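Trainee: I am attaching a structure below and will ask some questions about it afterwards.
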Amino acid sequence: MDTKQHQAPPPERDASLQSSTSASSTKRQRQWISYLPGLSVTLAGAAAAWLISQLIPGISPLLIAILVGALWRNLIRVPRTLSPGITFSSKKLLRAGIILLGLQLSLSSILGLGPGVLLVVAASVGITFGVTLWVGRLMGISLTQRLLIASGVSICGAAAVAAAENATDAKEEETATAIGLVVLFGTLMIPAVPFLGSLLGLDAESTGMWIGASTHEVAQVVAAGSAVGGGALAVAVTVKLARVLTLAPMIAGISLYMRKTGAVTGGKRPPIVPFFIVGFLAAVLLRSSGFLPDPVLAAGQVLQTILLAAAMFALGLGLDLKGLIRVGGRPVLLGLGATVLILGVALAGTVLFPPL
């Protein structure tokens, strides 16, 4: 009889596996504990922003949240212990809020926009990306910095910058600069685009389309769309997420180009379709099915607002105006120029192909 087949694992190996599992569990616990201070602060900031918005009708709690966060960041030192939770809020809570946002949209509202919207989305992303790279080269800005700014402005803000960072192996300072620029100019667009839309005589749906085709961050789009109204919000978010869907092919193209030219030798590839986009689409389908009762939809809307407000508060806490000044004027001018460009392209597209 072959006794080797029935031998138990050596005690040393079993002890090693238990030790590894215990160490991994302890590491995760410590990681979650490190999130708690910053996470608590961003949720408290979201609650405060919501209360203030109740006292000032017509002002989005998301706009209040990012403004308060930016004021804190630039007037008072933010404790370093809050950093892990702030980062968690600006990424994870933002994406969770976007998924819940899908419960506010139905397929009928999405399909009702018309095919012209897709052309406007393609033009906004493609023209802004290409012209930003070209102008940045004329200004003498590095390729990686140009790619980060072009991705953030043309596609979806900080998420696109992070994806482009993985593809380009950019420096930490370049990444921080690009994120700071999309947060700064995207925040300024929250009150500016609704105001300009009203000034130009655009209806709510057209203003929403302009917001979605031009504004940088998804949460900024939600804040600006909310300021206009429900109809504008639905159109704005739908158009914006059509832009977000271009993230996969754009970043894949950047990655292939950088590797072909030998600019990077490795790098983490972004997913073909970000998970939160899949979740958003699933939520849209769930809403369209008519299965969810109105109280569930109402609760989802409240939770979505809290999560997005917390994410906006976290983004505001990451807006370092002094840091942008230190990097010099050229990247700031490029970010401003790219923002003005996408506003112009998106406005022209909205006028030529208004939502149906």
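The values are calculated or read from the model by the stated rules, or taken from the named source; none is laboratory data. Every value quoted in this text rests on a predicted model; they were computed, and no experiment measured them. As a convention, Cβ positions derive from the backbone with ideal geometry for all residues, glycine included, and neighbour counts pool all protein chains shown. To get the accessible areas, we keep the full protein, side chains included, count just its heavy atoms, and leave off ligands, DNA and RNA. Shrake-Rupley method; radii C 1.70, N 1.55, O 1.52, S 1.80 Å.
Trainee: Under a 1.4 angstrom probe, counting protein chains only, how are Tyr35, Tyr257 ranked by accessible area, largest first?
Mentor: Working: Tyr35 40, Tyr257 125 Å².
Largest accessible area first, the list is Tyr257, Tyr35.
Trainee: Continuing with this model, one more query. Please give, to one decimal in nm, the separation of the simple spin-label points placed at Leu71 and Val278, each 7 Å out from Cα toward the Cβ.
Mentor: 4.1 nm
Trainee: Can you pull out the chymotrypsin sites (Phe, Trp or Tyr not before Pro) in the range 266-356 that DSSP calls coil and that have at most 14 other Cβ atoms within 10 Å?
Mentor: Numbers: sites: Phe275, Phe276, Phe280, Phe291, Phe313; in loops: Phe291.
In loop regions of the range 266-356 (DSSP not H, G, I, E or B), the sparsely surrounded chymotrypsin sites (Phe, Trp or Tyr not before Pro) are Phe291.
Trainee: Considering only protein heavy atoms and a 1.4 Å probe, what is the carbon-and-sulfur percentage of the accessible area of the chain? Write out the running numbers ahead of the final one.
Mentor: On the way: 11830 of 17610 Å².
It is 67 percent, rounded to a whole number.
Trainee: Report the convex hull volume per residue for the range 106-176, counting only C-alpha atoms, in Å³. Display every interim value, and only then the final one.
Mentor: Values: hull volume 6.4 nm³, N = 71.
That works out to 90 Å³ per residue.
Trainee: Taking just the C-alpha trace of the range 25-110, give me its Rg and Dmax in Å.
Mentor: Gyration radius and largest Cα-Cα distance of the range 25-110: 15.6, 48 Å.
Trainee: Looking at the calculated P(r) for the range 277-345, what percent of the C-alpha pair distances fall above 20 Å? Intermediate values should be presented prior to the final figure.
Mentor: Working: 1394 of 2346 pairs.
Of the Cα pairs, 59 percent sit more than 20 Å apart.
Trainee: Further, regarding this structure: For the range 47-118, run through the trypsin sites (Lys or Arg not before Pro) and keep only the ones in DSSP coil with at most 15 other Cβ atoms within 10 Å of their Cβ. The partial results should precede the final answer.
Mentor: Working: sites: Arg73, Arg77, Arg80, Lys91, Lys92, Arg95; in loops: Arg77.
When the trypsin sites (Lys or Arg not before Pro) of the range 47-118 are filtered for loop state and at most 15 Cβ neighbours within 10 Å, Arg77 remain.
Trainee: Right, another one. When the helix-only estimate is applied to the chain (DSSP H runs of n ≥ 4, each -39,500 (n - 2.57), divided by the residue count), what is the mean residue ellipticity at 222 nm, nearest 500 deg cm²/dmol? Each step should come with its number before you reach the end.
Mentor: Values: 17 runs with 269 residues, N = 356.
Taken over the chain, the calculation gives -25000 deg cm²/dmol.
Trainee: Stretched out fully, how many nm does the piece from Leu336 to Phe195 gain, at 0.36 nm a residue minus the Cα gap?
Mentor: Details: separation 141, 0.36 × 141 = 50.76 nm, distance 1.87 nm.
In short, 48.9 nm is gained.
Trainee: In addition: Using a Gaussian network model of the chain with C-alpha springs under 10 Å, which one of Ser34, Ser289, Ser106 is most mobile by mean-square fluctuation?
Mentor: Maximum fluctuation in the GNM of the chain, among the listed residues, is at Ser289.
Trainee: Taking springs between alpha-carbon atoms closer than 10 angstrom, which of Val278, Val68, Val183 fluctuates most in the Gaussian network model of the chain?
Mentor: Val278
Trainee: Working out 0.36 nm times the residue gap between Ala299 and Ser108, then minus their Cα-Cα distance, what length gain in nm do you get to one decimal? Each step should come with its number before you reach the end.
Mentor: On the way: separation 191, 0.36 × 191 = 68.76 nm, distance 2.20 nm.
Computed gain between Ala299 and Ser108 is 66.6 nm.
Trainee: Further question: Over the C-alpha atoms of the range 197-356, what are the Rg and the largest Cα-to-Cα span, Dmax, in Å?
Mentor: 18.5, 55
Trainee: What FRET efficiency comes out for Arg28 versus Arg80 if R0 is 30 angstrom and r is the Cβ-Cβ distance? Round to the nearest 0.05. Let's see the in-between values first.
Mentor: Values: r = 21 Å, r/R0 = 0.71.
My answer for the efficiency is 0.90.
Trainee: What accessible area per residue comes out for the chain, rounded to a whole number of Å², with a 1.4 Å probe?
Mentor: Numbers: 17610 Å² over 356 residues.
Solvent-accessible surface per residue comes out at 49 Å².
Trainee: Could you pull the Rg and Dmax for the range 149-210, using just the Cα atoms, both in Å?
Mentor: Calculated on Cα positions, Rg and Dmax stand at 14.5, 44 Å.
Trainee: Plugging the Kirkwood radius over Cα pairs into Stokes-Einstein for the chain, at a temperature of 10 °C and a viscosity of 1.306 mPa s, what D comes out in µm²/s? All intermediate terms of the calculation are to be shown ahead of the outcome.
Mentor: On the way: Rh = 21.4 Å.
In µm²/s, the coefficient is 74.
Trainee: In nanometres, what is the gap between the two model label sites at Leu188 and Met139, each 7 Å from Cα along Cα-to-Cβ?
Mentor: Those two pseudo-labels are separated by 1.2 nm.
Trainee: For the chain, what number of Lys pairs, 8 or more residues apart or on separate chains, have alpha-carbon atoms under 27 Å from each other?
Mentor: 16
Trainee: Lys and Arg at +1, Asp and Glu at -1: add these up for the other residues within a Cβ distance under 14 Å of Lys322 and post the number. Write out the running numbers ahead of the final one.
Mentor: On the way: positive: Arg73, Arg77, Arg326; negative: Glu173, Asp320.
Spelling it out: positives minus negatives among the neighbours equals +1.
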